[in-house]
Amino acid sequence: MGDEARSEVPLAVLQDRPASTATSPAPPPADPGSETGQQQKELAQIQNPASAAASTTTAPTMGECSTEYRGLPGGNGVADGLAPAPASLRKVSIVPLVFLIFYEVSGGPFGIEDSVGAAGPLLAIAGFLVLPIIWSIPEALITAELGTMFPENGGYVVWVASALGPYWGFQQGWMKWLSGVIDNALYPVLFLDYLKSAVPALGGGLPRAFAVLGLTAVLTLLNYRGLTVVGWVAICLGVFSVLPFFVMGLISLPKLRPARWLVVDLHNVDWNLYLNTLFWNLNYWDSISTLSGEVDNPGKTLPKALFYAVIFVVVGYLYPLLAGTGAVPLDRSNWSDGYFADLAKLLGGAWLMWWVQAAAALSNMGMFVAEMSSDSYQLLGMAERGMLPAFFARRSRHGTPLVGILFSASGVLLLSSMSFQEIVAAENFLYCFGMLLEFAAFVLLRVRRPDAPRPYRVPLGTAGCVAMLVPPTALIVVVLALSTLKVALVSLGAVAVGLVLQPLLGIIEKKGWLRFAVNEDLPDIGVGVGRHAPAAAADDEPPAP
């Protein structure tokens, strides 16, 4: 998945600004001697030193626009108090980005135990070898291409809106945000499941409820402090979380019996639990796209980070799985979430068990903050495209989307009472619908806009891309078909809410009950993603103070 050397193409290749913007002409380039002009010049030197001298007169490219967000239209780039995030807080480099992807997708082997309990060692190992090829690599490739084509907060929402229109872009945002919040509700559950063997009181009742509330509050505060902080915390948590499994693998070497890896009983397989566990542990590669606007040089950084993260995640699953199933006699009834701590005690003693439990706790913290970052920045990106009320685009003094963080945290608390299996099944169902829209958008953009700027391009033609998507689409059909009736009804009900919510927001905007606006600094994507053009929203009047 390496990046390709591609010439930058002006945004005019996509589509000119709508004609309605003529009533609100763009401001002239800033005087080079002014403070604003100097800021533009400095930004141009960072982005493209060779063309810094012409930074205020040449058409911006997608990559250039992606690094600067100045809030909704309004005096000095600020509307309704929506100040831009300080640039120093918004640049995520490749190493933190790899660990953010790692935590959005995996966070370590915690949670893969059910695959062995559902299907036995052979199918579990085969699943984590085959499914990355069928699912993870195609999803990562799509994310690399479209994430660099539209390097802004909102990610897959913008992809779908550009290809299928604003209505379906909103549906994509609704389903993926809800799926992400459901996913985030898992991490307090997993955290407490790993600790309840040491602290039985956390198994249920008020102590568990207060623990979920306190954990959510602390991790939400960490998200509030800034994405750069989250990224570097993710590195520390990631290293600490994988170390005990490295040690466990070394200890297991003398006890390995390769024949144990080949155990299979096709007549005793819980296919629904097996596929849902594999799918949950190997998806969400596209979540990082909602943070593209916060990434340093996303055209090069994002594809490389995805490549390294795919290797990191797959090895991080297979290594402890081979160690655990090969070194200990099989009892499938023991293989459920939290069992790796018991394996560590059997192989290395109580000290290793405590280490694994601590690693599990910190890993769930990392997954929580990474997922919440993705969910909250998605809401910010949708607001900057006019899909959500303008207050969702407000940033805190740390540059973080405060309203989006609070909404995402509230959803986590509401869903945290669900069981592990129920959460996984429900989020997978919603996630599948969103991925079908992404697949359609990917192919349509290849067909309709083959010459649009793509800093990274999947090295396949359109026919090859369609062929690449056949196996993951078939997997989606299987996952949906195996869902229980309860999960299907609840998930379809959630989808129906989104179908009604989008036109309802249009009515609210028309009545003037809430303010919507489009950030005109964003690159044009060829469609009016908001319900109206930016100029029509402003009516040639200055925004309210």
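Does the range 314-322 include one or more residues that are open to solvent by 70 Å² or more (accessible area, probe 1.4 Å), over 24 Å from ALA259 (Cβ atoms), touching a helix residue (DSSP H, G or I) at 6+ places or on another chain (Cβ under 6 Å) and of a type in the set (Phe, Trp, Tyr)?
First, the residues of the range 314-322 that are open to solvent by 70 Å² or more (accessible area, probe 1.4 Å): 315, 319.
From what's left, over 24 Å from ALA259 (Cβ atoms): none.
The answer is no; no qualifying residue exists.
Here is a list of conditions, (1) open to solvent by 30 Å² or more (accessible area, probe 1.4 Å); (2) at positive phi; (3) of a type in the set (Gly, Ala, Ser), and GLY399 meets all of them except one; can you say which number that is?
(1)
Results for (1) open to solvent by less than 10 Å² (accessible area, probe 1.4 Å); (2) farther than 13 Å from PRO132 by Cβ, shown as yes or no for each residue.
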site	(1), (2)
ASN283	yes, no
SER287	yes, yes
THR290	yes, yes
ASP296	no, yes
GLY299	no, yes
PHE307	no, no
LEU330	no, yes
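When you go through PRO138, PRO166 one by one, which is the residue that is open to solvent by less than 10 Å² (accessible area, probe 1.4 Å) and either of a type outside the set (A, V, I, L, M, F, W, C) or at positive phi (or both)? I'd like the intermediate steps shown before the answer.
Numbers: PRO166 fails: open to solvent by less than 10 Å² (accessible area, probe 1.4 Å).
The conditions single out PRO138.
Just checking, how many residues over the range 200-230 are outside any helix (DSSP H, G or I), closer than 16 Å to VAL92 by Cα and open to solvent by less than 50 Å² (accessible area, probe 1.4 Å)? Before you say what the answer is, go through the steps one by one.
Within the range 200-230, the first condition is being outside any helix (DSSP H, G or I), and the residues that meet it are 204, 225-226.
Subsequent filtering for residues that are closer than 16 Å to VAL92 by Cα retains 225-226.
Now restrict to residues that are open to solvent by less than 50 Å² (accessible area, probe 1.4 Å): 226.
So the count comes out to 1.
In the range 142-157, what residues are touching a Cys at 6+ places or on another chain (Cβ under 9 Å) and either more than 17 Å from LEU444 (Cβ to Cβ) or open to solvent by 10 Å² or more (accessible area, probe 1.4 Å) (or both)?
PRO151, GLU152
Against the condition at pLDDT below 90 and either open to solvent by 30 Å² or more (accessible area, probe 1.4 Å) or under 30 Å from ALA161 (Cβ atoms) (or both), how does LEU273 come out, does it pass? Write out each step before concluding.
Working: at pLDDT below 90: yes; either open to solvent by 30 Å² or more (accessible area, probe 1.4 Å) or under 30 Å from ALA161 (Cβ atoms) (or both): yes.
Judged against the criteria, LEU273 is a match.
Can you give me the number of residues within the range 459-476 that are of a type in the set (A, V, I, L, M, F, W, C), in a helix (DSSP H, G or I) and touching a helix residue (DSSP H, G or I) at 6+ places or on another chain (Cβ under 7 Å)? Before the answer, list the steps.
Pass one, the range 459-476, residues of a type in the set (A, V, I, L, M, F, W, C): 460, 463, 465-470, 474-476.
Add one more test, that the residue is in a helix (DSSP H, G or I), and what stays is 463, 465-470, 474-476.
Now drop any that are not touching a helix residue (DSSP H, G or I) at 6+ places or on another chain (Cβ under 7 Å), which leaves 465-466, 468-469, 475-476.
The total comes to 6.
Which of the helices (runs of 4 or more DSSP H) found entirely inside the range 36-154 contain at least 2 residues meeting this: modelled with pLDDT of 50 or more?
Numbers: elements: 62-65, 94-105, 113-119, 121-131, 137-149.
Hits in the range 36-154: 94-105, 113-119, 121-131, 137-149.
Take ASP265 and tell me if it is open to solvent by 70 Å² or more (accessible area, probe 1.4 Å) and acidic (Asp, Glu).
When the stated conditions are applied, ASP265 does not pass them.
Considering only the range 459-496, state which residues are of a type in the set (A, V, I, L, M, F, W, C) and open to solvent by 70 Å² or more (accessible area, probe 1.4 Å).
Residues of the range 459-496 that are of a type in the set (A, V, I, L, M, F, W, C), as a first pass: 460, 463, 465-470, 474-482, 485, 487-490, 492, 494-496.
Passing the criteria: LEU460, ALA463, VAL470, VAL477, ALA481, LEU485, LEU489, VAL490, LEU492.
The values are calculated or read from the model by the stated rules, or taken from the named source; none is laboratory data. Please read these numbers as outputs of a predicted model, since none were measured by experiment. No Cβ is skipped: glycine too gets one built from the backbone with ideal geometry, and neighbour counts run over all protein chains shown. For the accessible areas, the whole protein counts, side chains as well, though only heavy atoms, and no ligand, DNA or RNA atoms are used. Shrake-Rupley method; radii C 1.70, N 1.55, O 1.52, S 1.80 Å.
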